[in-house]
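Working notes, structure below.
The values are calculated or read from the model by the stated rules, or taken from the named source; none is laboratory data. These numbers were taken from a predicted model, which means no experiment stands behind them. Quick reminder, even Gly has a Cβ in these numbers, built from the backbone with ideal geometry, and neighbours come from all protein chains shown. These area figures cover heavy atoms from the full protein model, side chains too; ligands, DNA and RNA do not enter into them. Shrake-Rupley method; radii C 1.70, N 1.55, O 1.52, S 1.80 Å.
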Amino acid sequence: MVEDYPDPPTDPPSLSAATLQAKLDAGESVRLLDVRDRDEYEEWRLRGESVTATQLPFTKFLQAKVTGEVDSLVAEVAGTGPITVVCGRGEASAFVAGLLTEHSVEAQNLSDGMEGWARLYEAREILCDDAIVLQYRRPSSGCLGYMVISDGSAAVVDPLRAFTGRYVADAADHNASLTHAIDTHVHADHVSGVRRLAEETGAEPVLSERAVARGVDDVTALADDETLRVGSATLEPRPLPGHTTGMTGFTVGDVLLAGDSVFLDSVARPDLEAGADGARDLARDLHRTLTDRLGALPDETRVAPGHYSESAVPSDDGTFTAPLGALRDRLPGFTMDREAFVEYVCDDIPPRPANFERVIAINLGTEAADDDTAFELELGPNNCAAAPTDTV
């Protein structure tokens, strides 16, 4: 149901999602007022070390306009400085920002609200001698994806269906044709764009043989020793099971596209494929991935993960990457005893991603969803990591 909101009493300034993200990246203080209902706010909200957020429902401001108590409501908003008002689609927040402006409060509306925030998708280049490697990030969920470009060809790794048009446009901007659309594993937190890219561009859809064994029948099954050529660059598969049985990373030059195996501040969770009963076996496999399979790579390998958390610190070039040696020094698993590691990752597993069972079914190809449904299903933060390292 689409709600009708009253027009703002004063037309307020607006702030785009991209501008807000730039402020967060720069560490600027951001004072947020979220006027959604409490349950929506608790389920998914804007976060960040420099964010001070307050939730007050829209209905309170409607009442305050009538009773003349707007100033008392403003006093409940934590923090200092300009107020950025947030709602689902930027409509209720426009009214509240306008009401505050009318009362001489410096306020602005987050245009398009949380939906606009969910559609923000940014790219930065990772330095690599063998190819151009772009890292895509979706700040609203912490999802990271990649494009590898070489000599007129391009491959997308872990594409999101909501942004297939972006990949096509970026490949064209680099005078490249999309030749491969690759998933590192069967994802549980977002709807894959592999099939859509294959349909629209003719790119070859690729998953590892071990991932295909879960029941995917409309993609190319890649053997663990089978490389992919993208122009003059080589993508070498690296089996990294533990998060799922089919989890496979790819190296291009000295960059490891690690998928959901290891992150900048944590390691993968092992329960989304096999459930709690099979989590300990996958955790043991994850321990072997960290100690043996990644042990074959040098410390200088630049790890480019499939997600980042709000506590993750980007590297100097702004990408969410880190040398493998640095991760070995600070993350559990690389030095922990196997059974101690299993206890660590299995005894305090965070909540599962919203709608994860249906998202998995869509990505397996056993269920269909239109674009609007797919977009709604994947809204919210990712939960593909085990507990962060500061809880060890």
**OP:** Filter region 176-221 down to the residues that are closer than 13 Å to A155 by Cα and polar (S, T, N, Q), then identify the one that is least open to solvent (accessible area, probe 1.4 Å).
**Re:** T184
Subject >> helices (runs of 4 or more DSSP H) wholly inside region 16-78 containing at least 1 residues that are touching a residue at least 12 places away in the same chain (Cβ under 8 Å) and touching a helix residue (DSSP H, G or I) at 6+ places or on another chain (Cβ under 6 Å) >> reply: 17-25, 58-67, 70-74
Subject >> region 161-196: number of residues that are touching a helix residue (DSSP H, G or I) at 6+ places or on another chain (Cβ under 9 Å), aliphatic (A, V, I, L, M) and closer than 17 Å to L120 by Cα >> reply: 3
Original post:
Being crowded, with 21+ Cβ neighbours inside 10 Å, closer than 22 Å to T245 by Cα, in contact with a His (Cβ under 6 Å, 6 or more places away or on another chain) and in contact (Cβ under 8 Å) with a residue 12 or more places away in the chain, is that true of even one residue in region 335-348?
Top reply: yes
Original post:
Which condition does I83 not pass, out of (1) open to solvent by 10 Å² or more (accessible area, probe 1.4 Å); (2) over 24 Å from the mean Cα position of the chain (by Cα); (3) within 15 Å of L15 (Cα to Cα); (4) without any contact (Cβ under 8 Å) to a residue 60 or more places away in the chain, if it passes all the others?
Top reply: (1)
Original post:
So D285 clears everything in (1) of a type in the set (D, E, K, R); (2) farther than 30 Å from E199 by Cα; (3) open to solvent by 60 Å² or more (accessible area, probe 1.4 Å); (4) without any contact (Cβ under 8 Å) to a residue 60 or more places away in the chain except one condition, right? Which one?
Top reply: (3)
**OP:** Take A387 and decide whether it is under 21 Å from the mean Cα position of the chain (by Cα) and at pLDDT below 95.
**Re:** yes
**OP:** Counting only residues that are open to solvent by 20 Å² or more (accessible area, probe 1.4 Å), give me the strands (runs of 3 or more DSSP E) lying completely in region 87-173 with at least 1 of them.
**Re:** 107-110, 122-126, 132-138, 153-157
Original post:
Does P353 meet the test of being crowded, with 19+ Cβ neighbours inside 10 Å, within 19 Å of A279 (Cα to Cα) and touching an Asp or Glu at 6+ places or on another chain (Cβ under 9 Å)?
Top reply: yes
**OP:** Residue by residue through region 8-24, note down the ones that are out of contact with any Asp or Glu (no Cβ under 8 Å at 6 or more places or on another chain), among the hydrophobic types (A, V, I, L, M, F, W, C) and surrounded by fewer than 17 Cβ atoms within 10 Å (Cβ to Cβ).
**Re:** A22
Original post:
Across region 181-206, what is the total count of residues that are in contact with a Lys or Arg (Cβ under 9 Å, 6 or more places away or on another chain), of a type outside the set (V, I, T) and without any contact (Cβ under 8 Å) to a residue 60 or more places away in the chain?
Top reply: 5
**OP:** Those residues that are hydrophobic (A, V, I, L, M, F, W, C) and surrounded by fewer than 21 Cβ atoms within 10 Å (Cβ to Cβ), I need them from region 361-385; list them, please.
**Re:** A361, L364, A368, A369, F375, L377, L379
Original post:
Would you pick out the residues in region 222-278 that are open to solvent by 10 Å² or more (accessible area, probe 1.4 Å), in a loop (DSSP other than H, G, I, E, B) and on the phi > 0 side of the Ramachandran plot?
Top reply: G231, G253
